[in-house]
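First the structure, in the form of structure tokens, and then the observations on it.
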Amino acid sequence: MSTAEFDEAEVWSRARTGDSAAFATLFDRHRDRVFGHALRLLRATHDAEDVTAMVFLEAWRRRESVHVVDGSIVGWLLVTTNNIVRNHSRSAHRYRNALAKLSRPEPQPDHGPAVDEALDGSDRNRVVREAFATLDARDQDVITLCLIEELPLAQAAAVLRVPIGTVKSRLSRAKRRLGETTLARLEPVLEGGAE
């Protein structure tokens, strides 16, 4: 078979016997045409993509019943596209009707702000944030990179433009300072919570 003449019937014959490479060749040859037809009918890209996938799945699944007309399977693919689009449209219609029969849920207030307040307003979190804020910029940077964001030491060193050994020593000192400051600030909170 020369590159100038493509024998689709022969390629389909190989695909019918389970040759996935031959089927892939036909998929590559016809997928844009099937997709374009589905898109014209459905007017939604994601639905047309789904239909295109289903058409070729059906072609593979029903290989024995696919009709080659004038040496091509494109007619079968396009008719199958119509059938799948009709099934898709009926299914979408049934889904919309089912949703319409359901009673509308009562609007619920957004619980996000309350959750945020509970998390941000907790004494322990507040104390840790305040203790972090008292650290100098270098300590905040090394804690942010190495502890909060969990970057590898080498990457943190590259960001901070210092040797890895410097990152290790800064991180050790920063953790110690943060721990001491947090503990000092938490003691009154813990004592107040124990009462």
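The values are calculated or read from the model by the stated rules, or taken from the named source; none is laboratory data. None of these values were measured; they are calculated from a predicted model. Note that we place each Cβ from the backbone using ideal geometry, even for glycine, and neighbour counts take in every protein chain shown.
Within the stretch 17-24, identify whether any single residue is under 14 Å from TRP76 (Cβ atoms) and either in the same structural domain as GLY71 (by TED's automatic domain parsing) or over 26 Å from the mean Cα position of the chain (by Cα) (or both), and answer yes or no. Checked the stretch 17-24: at least one residue is under 14 Å from TRP76 (Cβ atoms) and either in the same structural domain as GLY71 (by TED's automatic domain parsing) or over 26 Å from the mean Cα position of the chain (by Cα) (or both).
Put simply, of ASP70, ASP110 the only residue that is surrounded by fewer than 10 Cβ atoms within 10 Å (Cβ to Cβ) and at pLDDT below 90 is ASP110. Out of LEU119, LEU99, LEU57, LEU135, one residue alone is buried (at least 16 other Cβ atoms within 10 Å of the Cβ) and either modelled with pLDDT under 95 or of a type in the set (A, V, I, L, M, F, W, C) (or both). It is LEU135.
Residue count for the stretch 163-183, restricted to those that are touching a helix residue (DSSP H, G or I) at 6+ places or on another chain (Cβ under 8 Å) and either not basic (Lys, Arg) or not in a helix (DSSP H, G or I) (or both): 9.
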